[in-house]
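Take a look at the structure set out below.
The values are calculated or read from the model by the stated rules, or taken from the named source; none is laboratory data. Quick caveat: nothing in here was measured; it's all calculated off a predicted structure. Methodologically, a virtual Cβ is constructed for each residue, glycine included, from the backbone with ideal geometry; neighbour enumeration extends over all protein chains shown. For the accessible areas, the whole protein counts, side chains as well, though only heavy atoms, and no ligand, DNA or RNA atoms are used. Shrake-Rupley method; radii C 1.70, N 1.55, O 1.52, S 1.80 Å.
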Amino acid sequence: MTESTLVLIKPDGVRRNLIGEIIRRCEQKGYTVAELKKIKPTRELLAQHYAEHEGKVFYEPLMEFMLSGDIVAIRLEGNRVIEGFRVLAGPTDPTTAAPGTIRGDLGRDWGTKVVQNLVHGSDSAESAARELSLWF
Ligand code: DAT
Ligand code: MG
């Protein structure tokens, strides 16, 4: 059964004109862009999206970063795409993310309070369903 995941191209990715490069990697892998929009989310939407991180030291910097510019939201579709996109993105820290991944190839530490790592991808079927209903 085909599944869907939420991919966000964060404000750093949009500012650096990497929308095309990130989507290219998803499409080249064989996944389909089923829905796509560019938006400036409200704090309320982001608070719901990142509810699991409320209270952590990086929460406020994360919110400010995510509010700092436009975001591209994508419903990406394909068999095992939730797991597959997380592999394409690479781990959270772009400094140690392997070359070949989005974060490893395109990201680095810029000395900011919150790590800027270009993309978000849902981490489970439950997260994907919850997050897709928030953003679409
Ligand atoms: P991921 O985006 O890989 O799923 P996450 O859900 O744990 O990571 O965290 C959400 C975002 O918050 C992450 O993309 C970058 C930031 N972040 C996470 N852990 C952090 C930390 N220890 N220090 C600074 N920023 C962090
Ligand atoms: Mg996460």
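Numbers below:
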| quantity | calculated |
| --- | --- |
| Contour minus Cα-Cα distance for residue 1 and residue 36 (0.36 nm per residue) | 10.5 nm |
| Helix-only [θ]222 nm of the chain, DSSP H runs n ≥ 4, -39500 (n - 2.57) each, per residue, nearest 500 | -11000 deg cm²/dmol |
| Estimated FRET transfer efficiency when R0 is 30 angstrom, pair residue 19-residue 77 (beta carbons, to 0.05) | 0.95 |
| Largest-first principal axis extents, alpha carbons of the chain, Å | 38, 32, 23 |
| Rounded percent of accessible protein surface that carbon and sulfur make up, the range 1-119, 1.4 Å probe | 51 |
| For the range 1-119: accessible area per residue (Å², 1.4 Å) | 53 |
| Per-residue ³J(HN,Hα) for the range 58-75, Karplus 6.51 cos²θ - 1.76 cosθ + 1.60, θ = phi - 60°, Hz, x for Gly and Pro | 8, 4, 5, x, 5, 4, 4, 4, 5, 8, 7, x, 5, 10, 9, 9, 10, 9 |
| Accessible-area ranking of 77, 44, largest first, probe 1.4 Å | 44, 77 |
| Approximate spin-label separation residue 123-residue 48, in nm, with each point projected 7 Å along Cα-to-Cβ | 2.0 |
